[in-house]
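All of the numbers you see were taken from the coordinates with simple rules; none came from a lab. Because the structure is predicted, anything quoted here is derived from the model rather than measured. A quick note on method: Cβ atoms are made from the backbone with ideal geometry, for glycine too, and the neighbour counts reach across all protein chains shown.
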Amino acid sequence: MAPAQLDQLDRIIHRGRPLKRGEHLFRATDGFDSVYAVRSGALKTYVVSDEGEEQVTGFYLPGEVLGMDGISTAHHVSNAKALETATVCEIPFSQLETLSQQIPSLQHHFFRLMSNEIRSDRELHMLLGKKSADDRVASLLLSLSARHQRRGLSDHRFRLPMSRYDIANYLGMAVETVSRIFTRFQQQQWLRVTGRDIEILDRARLCGQNHDPALEFTL
């Protein structure tokens, strides 16, 4: 976009206060007014079943947009919670919609974001349908690696903002299974894991474990 168009976009963006770890950005059934761009930190989205069980549906890193789940329903259908101290930009959707009609490149970018959301939902279902738990964990790590690379950061050294519990919940696995897989990947010298810090040592083997390239997705 041209500088003048970027200025127009900047004028509608609201920069809110930081979210503390565990604080909600929005909850399911909250009215939908805005979408949100992550500036720093990380958030997760989740839904709660009728039985009160939480299901993690996505993780969002800096530069990524969340909150589009409410566009068609006029209210959010998921909850968004900070995994660590995070800052977000609020973009009022009505103003974004108006501006997008005036700036075709912005409209194209927003449509691409919506397409990515649909693709992520589809690929999550594909991932959960995979038989191998090792494949699921490898897919997650490769996705996070690719997302760090897109931000100009290291694609082989990064920190996991989410807990092992959240990883297990997202991947449809037991926490103990996730821990065993991380241990096994370390023993095979595919990874070095120190707490939440990850170093990919053998990307080729990790990619070989995740033999379906369609599953290296944006979560």
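Quick one: grab Rg to one decimal and Dmax as a whole number for the stretch 1-68, Cα atoms only, in Å.
For the stretch 1-68, the Cα radius of gyration and maximum Cα-Cα distance read 14.7, 50 Å.
Please work out how much length the chain gains when fully extended from Ile71 to Glu53, using 0.36 nm per residue of separation minus the C-alpha to C-alpha distance, in nm with one decimal.
Working: separation 18, 0.36 × 18 = 6.48 nm, distance 2.48 nm.
That pair, Ile71 and Glu53, stretches by 4.0 nm at full extension.
Please rank Arg164, Arg112, fewest neighbouring Cβ atoms within 10 Å first, as an exposure proxy. Show your work: numbers first, answer last.
Values: Arg164 15, Arg112 10.
Final ranking by Cβ density, sparse to dense: Arg112, Arg164.
Does anything in the stretch 74-88 have its amide N under 15 Å from the 7 Å Cα→Cβ label point of Leu113, and if so which residues?
Those under the cut-off are 88.
With axes computed from alpha carbons, what is the tilt in degrees of helix 133-150 against the longest principal axis of the chain, rounded to the nearest 10 within 0 to 90?
Here the helix axis deviates by roughly 50 degrees.
Would you please report the Å³ per residue occupied by the convex hull of the alpha carbon atoms in the chain?
Details: hull volume 28.2 nm³, N = 219.
It is 129 Å³ per residue.
Given contacts defined as C-alpha pairs under 8 Å and at least six residues apart, what's the relative contact order of the chain, whole-number percent? Numbers along the way, then the final one.
On the way: 349 pairs, mean separation 45.3, N = 219.
After rounding, I find 21 percent.
Grab the chain and count how many Lys pairs have their alpha-carbon atoms under 26 Å apart, sequence gap of 8 or more, or different chains. List each step's numbers first, then the result.
Numbers: Lys20/Lys44; Lys20/Lys81; Lys44/Lys81; Lys44/Lys130; Lys44/Lys131.
Summing the qualifying lysine pairs gives 5.
Arrange Lys131, Lys44, Lys81 by Cβ neighbour counts within 10 Å, fewest through most, would you?
Numbers: Lys131 7, Lys44 24, Lys81 20.
Exposure proxy ranking, most exposed first: Lys131, Lys81, Lys44.
With 10 angstrom as the radius, rank Met162, Met114, Met173 by how many other C-beta atoms surround their C-beta, starting from the fewest. Can you show the working numbers first?
Details: Met162 21, Met114 13, Met173 17.
Least to most surrounded, the residues fall as Met114, Met173, Met162.
Taking the Cα centre of the chain as the origin, how large is its charge dipole in debye, to the nearest 20, when only Lys and Arg (+1) and Asp and Glu (-1) carry charge on their Cβ atoms? Let's see the in-between values first.
On the way: 27 positive and 27 negative charges, 158 e Å.
Here the size comes out at about 760 debye.
Would you calculate a helix-derived [θ] at 222 nm for the chain, using -39,500 (n - 2.57) for each DSSP H run of n ≥ 4 and dividing by the full residue count, to the nearest 500?
Values: 7 runs with 91 residues, N = 219.
Rounded to the nearest 500, it is -13000 deg cm²/dmol.
Please state the relative contact order of the stretch 17-88 as a whole percent: Cα pairs under 8 Å, 6+ residues apart? Write out the running numbers ahead of the final one.
Working: 171 pairs, mean separation 37.5, N = 72.
About 52 percent, as a whole number.
Helix 175-187 against the longest principal axis of the chain: what's the angle in degrees, Cα atoms only, rounded to the nearest 10?
70
Relative to the Cα centre, what is the charge dipole magnitude of the stretch 3-117, using +1 at the beta carbon of each Lys and Arg, -1 at the beta carbon of each Asp and Glu, and rounding to the nearest 20 debye?
Working: 10 positive and 15 negative charges, 94 e Å.
Computed charge dipole of the stretch 3-117: roughly 460 debye.
Nearest 10 degrees, 0 to 90: what angle lies between the long axis of helix 104-128 and the longest principal axis of the chain (Cα atoms)?
30
Taking +1 at the Cβ of each Lys and Arg and -1 at the Cβ of each Asp and Glu, which of Met162, Phe59, Val48 sits farthest along the dipole of the chain towards its positive end, judged by Cα position relative to the Cα centre?
Farthest along the dipole direction, towards plus: Met162.
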